[in-house]
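The values are calculated or read from the model by the stated rules, or taken from the named source; none is laboratory data. Nothing here was measured: the structure is a model prediction, and the numbers come from that model. Heads up, the Cβs are rebuilt from the backbone with ideal geometry, glycines too, and the neighbour counts pull from every protein chain shown.
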Amino acid sequence: MRRANLEKLKNAADKQQVQQHLNDSICSITTATTDVQKYWHSLKQCIQETTETMLGHQAPKKKQLWMTQHILDQMSEQRIYKNNNWEKYKEMQQKIREEIRKAKEKWMGEQYKQEKLDNWTNYIHKLFGAARTPAEKDQQVPEEALHILTSEVEYAIKTAKSGKACGPDTVHVELLKQLDIDNIRQLTNWYNQVYNSNNIPSDWLQSIFVAIPKKATSRKCKDYRLLSLMSHVLKVFLKVIQQRICCTCKNALKNTQFGFCKGLGTREAIFGLQILLQRCYEHQEEVYICFIDYEKAFDSVDHNRLATQLKQLGLDKNDINFIIALYWNQTAQLWYNNELTDPIPIQKGVRQGCPLSPILFNIYSEQIFDQTLADKNIGIKVNGQYINNIRYANDTALVADSEQDLQQILDEVAAEGQIWGLRINKKKTKVMKVSRTPSNTTIKLGNEKLEQVHRYKYLGGLIDDQLNHEVEIKSRIEQARQAITKWKTLLADRNLNTRLKLRTLKCYIWSILLYGVETWTLTTVTTKRLVAFEMWLYQRMLKIPWTAKITNAQVLQDMGTDRQLLKTIISRKCNYLGHIARNDHKYQLLQQILQGKIEGKKLPGRPKTTWLSNIKTWLQLTTAQTLHAVLDRDQYHREVAPAVSQH
């Protein structure tokens, strides 16, 4: 039985019309009749007619959230055939069941999608929300502020990376690269208006977050890295600002920071730590290391403290005011499942993908180590100076010569980090002891004991507590072996030119194999393993089965080449030594680690193979002769050439 639409009676105008119509209808019934049944029939007819005419029937209500009006209409139609046409009734029943299944699936998918978006929105609110005080801009901007030059903008556009996703304004950097000098000059004039007024375009204040999983099994929001898609026009502008402030900011950093500094990289950080461990091991000095992992380091930067740091550095006031205006008014939307969330205010953190973020984070985090480790006589003593940390941005390794000293500096760094909003992840922070006499450690963070490991992957390179360098080389070989499967079809194609296949091999396989090769220490075993792997690659390219009896000489002849892998390794290691030795200012810390005096005594007998002993053996020189030869670049290259050609 269909219910009348009584909701209309809640509306005053509709209610008055219903009353008027009903009362007029009832008045027309003659009251003279004494026939009770006849009167009742007339009264009922008046009420029913008023209901049909003035109110109508209420649409069927959905008892389930997934129910659709189309299904309800079909169910109403089905009832008509229940007693009249059984075949038609069954046919419609089957259709309705199929519609219900699809409606349920669609509704559940939408609910899941919306729930995911809500979870991400709440996560971002929690991650980037902070009790931030209003920005304090410096009102005393000098009258003769340094204007942005056309040459600066031209350089920023020229060096911008192509193939990057565009931001909310949908402007691609490739189109900016098509501007002629007159339009670049016009763009520069507009940049100066923005720079001097801090009237930032709204598109510059918006960014789009893209969630990138940190690992294949990522399930929770915290297991993703949020990259910011920003306006490329803004990126060009920020590139100009970066070039202006980089020298001042670089001078404020200690030489133990290798992250995002010109001429430095992960290779230098790995090299510094590896050589320091080798030299201490050689002199029977124990080394205790704590590999610190910060929780969402880039997303935890306090904007007020950052602004204070920039002012203390003495940067140009226009630069500071622009950075403040940009960071205090920014919002972000998350792109997830082809949908955008509502704009979310960003009240802390530096955007991953912004040209300024690396240098701003370095300046921010430097204060933690400056407050706790500067001028502290704790660490590894080299040439009378203490080295107690090696850093690449937020990837930090604390080093000390005793467990007590490491515990002390870890406690101080952790406490200062809490003040600055950088919390240490206890589960991912590890401890290692490098010593000839291995033993367990009891390093704690708070009340929780940190896990001691025998191997740790630091910046992509494996660190072993017994300095077993074969572990790292075997790991690189295995990664290269897995990569070869992606290129197997191309590299084994007999229709392709061999020279082209060799170039492809070096570009896509050797780049994986030889990551950090400058820091490797080769032994007889690892050398043979590398040579064997190179021959294995050539055999795969020639489709030679493992059962075939063929000499390596024949394989090389068929490939039209000789052994190149070992020559490449020797050349890169020797050239890297010269690169370090001839740049006193940039690599002062690495020179100190490589050549400085380490306390302790060497054991008698045959020494363990070291990084420097590799080069001495190849060049057939003593330590003093090698370190003297590298200072003359041309003479050193003449020494290296025969060593490379012999292998």
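Kindly evaluate K235 against the criterion of being in contact with a Cys (Cβ under 9 Å, 6 or more places away or on another chain) and either crowded, with 22+ Cβ neighbours inside 10 Å or free of Cβ contacts under 8 Å to residues at least 60 places away in the same chain (or both).
Working: in contact with a Cys (Cβ under 9 Å, 6 or more places away or on another chain): yes; either crowded, with 22+ Cβ neighbours inside 10 Å or free of Cβ contacts under 8 Å to residues at least 60 places away in the same chain (or both): yes.
Spelling it out, K235 is indeed in contact with a Cys (Cβ under 9 Å, 6 or more places away or on another chain) and either crowded, with 22+ Cβ neighbours inside 10 Å or free of Cβ contacts under 8 Å to residues at least 60 places away in the same chain (or both).
Of all the helices (runs of 4 or more DSSP H) wholly in segment 478-577, which have at least 1 residues that are surrounded by 12 or more Cβ atoms within 10 Å (Cβ to Cβ) and more than 31 Å from the chain's Cα centre (by Cα)?
488-491, 498-508, 524-541, 552-559
I'd like to know if segment 602-619 contains one or more residues that are basic (K, R) and closer than 13 Å to R279 by Cβ. Explain how you work it out, then say what you get.
Kept after step one, since they are basic (K, R), are these residues of segment 602-619: 602, 606, 608, 616.
Among the residues that remain, those that are also closer than 13 Å to R279 by Cβ are: 602, 608.
Yes: segment 602-619 contains one or more residues that are basic (K, R) and closer than 13 Å to R279 by Cβ.
When you scan segment 325-379, how many residues do you find that are crowded, with 19+ Cβ neighbours inside 10 Å, of a type in the set (A, V, I, L, M) and over 24 Å from the mean Cα position of the chain (by Cα)?
Here the count works out to 3.
Can you report the number of residues in segment 432-445 which are surrounded by 10 or more Cβ atoms within 10 Å (Cβ to Cβ) and either under 14 Å from L277 (Cα atoms) or not β-branched (V, I, T) (or both)?
Number of matching residues: 8.
Can you tell me which residue within segment 578-615, out of those that are in a helix (DSSP H, G or I) and of a type outside the set (A, V, I, L, M, F, W, C), is surrounded by the fewest Cβ atoms within 10 Å (Cβ to Cβ)?
Kept after step one, since they are in a helix (DSSP H, G or I), are these residues of segment 578-615: 578-581, 588-595, 611-615.
Keeping just the survivors that are of a type outside the set (A, V, I, L, M, F, W, C) gives 578-579, 588, 591-592, 595, 613-614.
On the way: G578: 19, H579: 17, Q588: 12, Q591: 17, Q592: 18, Q595: 16, S613: 17, N614: 20.
By that ranking, first place goes to Q588.
Could you list all residues from segment 425-446 that are touching a Leu at 6+ places or on another chain (Cβ under 7 Å) and assigned to a loop (DSSP other than H, G, I, E, B)?
Matches in segment 425-446: K426, T429, I443.
Is it true that D319 is in contact with a Ser or Thr (Cβ under 7 Å, 6 or more places away or on another chain), farther than 30 Å from S613 by Cα, acidic (D, E) and modelled with pLDDT of 90 or more?
no
Would it be correct to say that Q591 is within 37 Å of the chain's Cα centre (by Cα), modelled with pLDDT of 90 or more and more than 24 Å from W487 (Cα to Cα)?
Here the answer is yes, as Q591 does meet what is asked.
Just to be sure I understand, how many residues within segment 616-647 are outside any helix (DSSP H, G or I) and more than 12 Å from L577 (Cβ to Cβ)? Talk me through it step by step, then tell me what you get.
Narrowing segment 616-647 to residues outside any helix (DSSP H, G or I): 620-622, 630-632, 646-647.
Now restrict to residues that are more than 12 Å from L577 (Cβ to Cβ): 620, 622, 632, 646-647.
Going through segment 616-647 one residue at a time, the tally reaches 5.
Residues checked against (1) surrounded by fewer than 23 Cβ atoms within 10 Å (Cβ to Cβ); (2) more than 24 Å from K602 (Cβ to Cβ):
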{"residue": "N251", "(1), (2)": "yes, yes"}
{"residue": "T266", "(1), (2)": "yes, yes"}
{"residue": "H283", "(1), (2)": "yes, no"}
{"residue": "Y288", "(1), (2)": "no, no"}
